[in-house]
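**Student:** I am attaching a structure below and will ask some questions about it afterwards.
The values are calculated or read from the model by the stated rules, or taken from the named source; none is laboratory data. It should be emphasised that the depicted structure is a prediction, and the values quoted were computed from it without experimental measurement. Here the Cβ positions follow ideal geometry from the backbone for every residue, glycine too, while neighbour counts run over all protein chains shown. Just the protein is used for accessible areas: all its heavy atoms, side chains included, with ligands, DNA and RNA removed. Shrake-Rupley method; radii C 1.70, N 1.55, O 1.52, S 1.80 Å.
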Amino acid sequence: MDSEDDMHDANDVESMDDDEGFYSDEMGMDYYGSDDDVDVDFGEDNEGIKRIEASRAENNFIILKESDIKQRQEEDITSVSTVLSISRAASSILLRYYNWSVSEVHEAWFADEDKVRKTFGLLKKPVIQLTSSRELTCGICFEAFHRGSIRSAACGHPFCCACWEGYIRTSIGDGPGCLILRCPDPSCGAAVGQDMITMLVSDEDNRKYSRYLLRSYIENNKKTKWCPAPGCEYAVNFVGDDENYDVSCLCSYGFCWNCTEEAHRPVDCSTVSKWIMKNSAESENMNWILANSKPCPKCKRPIEKNQGCMHMTCTPPCKFEFCWLCLGAWSDHGERTGGFYACNRYEAAKQEGVYDETERRREMAKNSLERYTHYYERWASNQLSRQKALADLHQMRTVHMEKLSDIQREPESQLKFITDAWQQIVECRRVLKWTYAYGYYLPEHEHAKRQFFEYLQGEAESGLERLHQCAEKELQQFLSADGPSKEFIDFHTKLAGLTGVTKNYFENLVSALENGLSDVDSQATCSGSSSKNGGSSKAKGGKGKGTSRAGGSSKNVDSTGMWTCEYCTYANSKHSTTCHMCHHQRR
């Protein structure tokens, strides 16, 4: 890149042949290396990592522990029971059917109470009237029992306690279906509430039923989900908008609330689904087979060439000998056909176009495989780096922080900038990892966007490596020191500064990718308009390509009224006072 004046060539924007992106090398150095513009507060002491992680995404989610879930569930049951003047057991049944939405229960109930009662088995009076005799016959085992040993649901059908217990226990053993339990009588639809279940079954079965009921509050609620991390029992209540689905659980696992996959901004959920499926599908195996093997002319099994000679022998029981190049029988080959390392027949047939389609398919498969491997290896590499950074962050919190505090004679609250740096490294590794999935699905024909994307990605990698090396390598000398060091203050300033600018850059990168690199399109439109109005400013004696340098109030303003940021060369609207990309003030 020659200079920041080369950013906006009206004639070359579409191909991006003369541009290397919207950022100059000067900006890249300033964006990552300068500490002058970084405002770092070294003395701030926050409430704790877990509270920070739970609220950092602008409060668009709430982490719920089991006690929180029980409390919310009890409050909803109590609310419905009070407003509708029904039992808590009946309230629980209604909420379960309406996915724990209090408003939907109220709306349905006041619209047609009788219909709701009939649909969900909440009867106002018994279906049958029991006789006044001292003994009643159980409707399951048909034995006579004392009236005190007979139990009935709201319908009035009599069953003995032993049959009730067996019926309920079997239902609980079958799973969450016990939450919609009905009367054992085949012709009856009366609901069996939690109060009756609690009275009739053992403590263990009661705990199972309560557990199913608790889980239904999360699993049937549209705004709540369980954290998908293995072994985690926290739930997430999503209260944000539809733009940012990133959730960070108290267990430190980050995931997308929409698709429950690992957090994957700036890539959308459909791209993640395609990428994960591609990584696990057999399609790449078939591409590899097609690119690196040929079918035996006799048995058609794919064969990989593992020697330099063109004389191939298929594996038993086939054992067919053939030429690797032309796939003809080796008995027809010899010195007259080119020997063991060439095949005149193949060369002649190739010139005639006989192998064009086969070679084309093999070449396409090889190119596709190489392209996929390029992106996958870097995706996986950043995933491994992120896992290593997570382990280093854990070790820093549990071991090194206390040790460093003793060596430097500073409270751990003053050393929080180190864990902040490691948290930023973990987050940036995640973002960088998913940019490779983004790049894989970026259309090949959009050359300007691809070139812009690769430049942004390269700058992100460079900045992240600087931060990672500072946090990993430069910290070691202070961990092995015998006492306080004056250089630690400089290290503090440098690491905190790198953390700030890297965070800022990655946030801008995520925004740019989520917007589909629309800046490239707007820049092309801007430059195209400039071209129609008189071409580049070079034709007018100006300096640079399409950017006015006339001085005064028009400094860095082009003919369309757009002004160019001196730090990142981003073309901003003439009404903007702050750069949309790097947030520097207009000068």
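Residue by residue, here is whether (1) surrounded by 15 or more Cβ atoms within 10 Å (Cβ to Cβ); (2) touching a Ser or Thr at 6+ places or on another chain (Cβ under 7 Å); (3) at pLDDT below 90 holds:
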site	(1), (2), (3)
Met27	yes, yes, yes
Asp37	yes, no, yes
Asp45	no, yes, yes
Ile63	yes, no, no
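**Student:** Ok, one more. Tell me which of these Ser518 doesn't satisfy, since it passes every other one: (1) open to solvent by 30 Å² or more (accessible area, probe 1.4 Å); (2) under 21 Å from His400 (Cα atoms); (3) not acidic (Asp, Glu).
**Tutor:** (2)
**Student:** Criterion first (at pLDDT below 90, part of a loop (DSSP other than H, G, I, E, B), open to solvent by less than 60 Å² (accessible area, probe 1.4 Å) and not β-branched (Val, Ile, Thr)) does Leu325 satisfy it?
**Tutor:** Considered against the rule, which asks whether it is at pLDDT below 90, part of a loop (DSSP other than H, G, I, E, B), open to solvent by less than 60 Å² (accessible area, probe 1.4 Å) and not β-branched (Val, Ile, Thr), Leu325 comes out as yes.
**Student:** Ok, one more. Against the conditions (1) in contact with a helix residue (DSSP H, G or I) (Cβ under 8 Å, 6 or more places away or on another chain); (2) in a loop (DSSP other than H, G, I, E, B); (3) buried (at least 20 other Cβ atoms within 10 Å of the Cβ), where does Cys155 fall short? Just the number, please.
**Tutor:** Status for Cys155: all satisfied but (1).
**Student:** Shifting gears a bit: When His445 is evaluated against the numbered criteria (1) in contact (Cβ under 8 Å) with a residue 12 or more places away in the chain; (2) over 20 Å from Val272 (Cα atoms), which criterion, by number, is the only one it fails?
**Tutor:** Among (1) in contact (Cβ under 8 Å) with a residue 12 or more places away in the chain; (2) over 20 Å from Val272 (Cα atoms), the lone unmet condition for His445 is (1).
**Student:** Scan (1) in a loop (DSSP other than H, G, I, E, B); (2) open to solvent by less than 50 Å² (accessible area, probe 1.4 Å); (3) at pLDDT below 90 for the single condition Leu122 breaks and write down its number.
**Tutor:** (3)
**Student:** Of these, Arg51, Arg96, which one is at pLDDT below 50, open to solvent by 20 Å² or more (accessible area, probe 1.4 Å) and in a helix (DSSP H, G or I)? Lay out the reasoning, then the answer.
**Tutor:** Numbers: Arg96 fails: at pLDDT below 50.
Among Arg51, Arg96, only Arg51 is at pLDDT below 50, open to solvent by 20 Å² or more (accessible area, probe 1.4 Å) and in a helix (DSSP H, G or I).
**Student:** Can you name every one of the strands (runs of 3 or more DSSP E) wholly within segment 164-277 that holds 1 or more residues which are in contact with a Cys (Cβ under 7 Å, 6 or more places away or on another chain) and farther than 16 Å from Ala153 by Cα?
**Tutor:** Once the strands (runs of 3 or more DSSP E) in segment 164-277 are filtered for at least 1 residues that are in contact with a Cys (Cβ under 7 Å, 6 or more places away or on another chain) and farther than 16 Å from Ala153 by Cα, what remains is 235-238, 246-248, 254-256.
**Student:** Restricted to segment 401-427, and to residues that are modelled with pLDDT of 90 or more and more than 18 Å from Lys494 (Cα to Cα), which residue is most open to solvent (accessible area, probe 1.4 Å)?
**Tutor:** The extreme case among them is Glu427.
**Student:** With the condition kept exactly as written, say whether any residue in segment 114-126 is among the β-branched types (Val, Ile, Thr), over 17 Å from Asp195 (Cβ atoms) and in contact with a Leu (Cβ under 6 Å, 6 or more places away or on another chain).
**Tutor:** No, segment 114-126 contains no residue that is among the β-branched types (Val, Ile, Thr), over 17 Å from Asp195 (Cβ atoms) and in contact with a Leu (Cβ under 6 Å, 6 or more places away or on another chain).
**Student:** Which count do you get for residues in segment 240-265 that are at pLDDT 85 or above, open to solvent by 60 Å² or more (accessible area, probe 1.4 Å) and more than 16 Å from Gln387 (Cα to Cα)?
**Tutor:** Within segment 240-265, residues that are at pLDDT 85 or above, open to solvent by 60 Å² or more (accessible area, probe 1.4 Å) and more than 16 Å from Gln387 (Cα to Cα) number 3.
**Student:** Sticking with this one: With in the same structural domain as Leu404 (by the TED database), among the acidic types (Asp, Glu), out of contact with any Cys (no Cβ under 9 Å at 6 or more places or on another chain) and open to solvent by 60 Å² or more (accessible area, probe 1.4 Å) as the only criterion, which of Glu472, Glu487 stands out?
**Tutor:** Exactly one residue qualifies, and that residue is Glu487.
**Student:** A further question on this structure: Please state which one of Leu442, Leu384 is in a helix (DSSP H, G or I) and among the aliphatic types (A, V, I, L, M).
**Tutor:** Selected residue: Leu384, the only one of Leu442, Leu384 that is in a helix (DSSP H, G or I) and among the aliphatic types (A, V, I, L, M).
**Student:** I've got another one for you. I'm trying to understand the selection: among the residues of segment 228-242, which are of a type outside the set (Val, Ile, Thr) and touching a residue at least 40 places away in the same chain (Cβ under 8 Å)?
**Tutor:** Listed by number, the residues that qualify are Glu233, Tyr234, Ala235, Asn237, Phe238, Gly240, Asp241.
**Student:** Would you please name the residue that is nearest to Arg96 (Cα to Cα), looking only at residues in segment 160-193 that are open to solvent by 50 Å² or more (accessible area, probe 1.4 Å) and in contact (Cβ under 8 Å) with a residue 60 or more places away in the chain?
**Tutor:** Result: Ile180.
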